[in-house]
Amino acid sequence: ATSAPRLDHQLASRLPLRILLVDDNLINQKVAVRLLQQMGYRADIAGNGVEAIQAAERHPYDLIFMDVQMPGLDGLEATRRLRELQQKAAADSPLARTLVIVAMTANAMQGDREKCVSAGMDDYIPKPVRPEVLQAVVERHGVHLVAHARPAGAPRPAPRLTVMPPAEPAASLETAPV
């Protein structure tokens, strides 16, 4: 008999993240929230794309799990709008931070991943959601998010300019004795 995958119950302690789950299906919400709780997370829930945008404008999320097919404003269009809002966000806005958006969809068809990426999503999870896949996505993006976190409202870091020393002339390599 195969045993159920073991979830890391301390993951939220190691990778503290603010998570928003966006899904119009109550059962899908309950399943995903329960899996996240087993990893130590408490996710906020939005039932559609409009609610997702409103929540992201109010709270500094690190990670959004976004259902792709929802009535009204679907996950692809909600993601496009969130990315546009991020481009225009003031430094003290909750959207002025790194935000990872992960597609969650039952339509794991050829080309779906590309549609999600072109809409501005960072990753893709097929439904039904498998616990080990959800945990792997949280870990993969969480490590990067925690390492590069800056509090909402903190000034954006100045771009770093690295001045490289001039390269040695190529001729000196060509004329070196053999």
Accessible area of Ser13 in the full protein assembly, 1.4 Å probe (Å², nearest 10): 90
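Using the Kirkwood radius over C-alpha pairs as Rh, can you work out the diffusion coefficient of segment 81-130 via Stokes-Einstein at 37 °C, viscosity 0.692 mPa s, in µm² per second?
271
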Whether segment 1-70 is rounded, prolate or oblate, judged on the alpha carbon gyration tensor where a/c under 1.5 counts as rounded: oblate
Ala90/Gln54 FRET efficiency (R0 25 Å; Cβ-Cβ; nearest 0.05): 0.90
Phi to ³J(HN,Hα) by Karplus 6.51 cos²θ - 1.76 cosθ + 1.60 over segment 129-144, Hz, x for Gly, Pro: 6, 8, x, 5, 6, 4, 5, 4, 5, 4, 5, 4, 7, x, 4, 5
Convex hull (Cα only) mean projected area of segment 7-138, reported in nm² to one decimal: 7.4
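For a protection proxy built on the mean count of beta-carbon atoms within 10 angstrom, sort 127-140, 51-64, 79-92 highest first, please.
Details: 127-140: 16.6, 51-64: 19.6, 79-92: 14.8.
Final packing ranking: 51-64, 127-140, 79-92.
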Label-zone membership for segment 46-75, site Gln37, 7 angstrom Cα→C-beta point, backbone N under 16 Å: 46
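The values are calculated or read from the model by the stated rules, or taken from the named source; none is laboratory data. None of the values given here were measured: they were computed from a predicted structure. Note: ideal-geometry Cβ built from the backbone for every residue, glycine included; neighbour counts use all protein chains shown. Please note that ligands, DNA and RNA were not included when accessible areas were found on the heavy atoms of the full protein model with its side chains. Shrake-Rupley method; radii C 1.70, N 1.55, O 1.52, S 1.80 Å.
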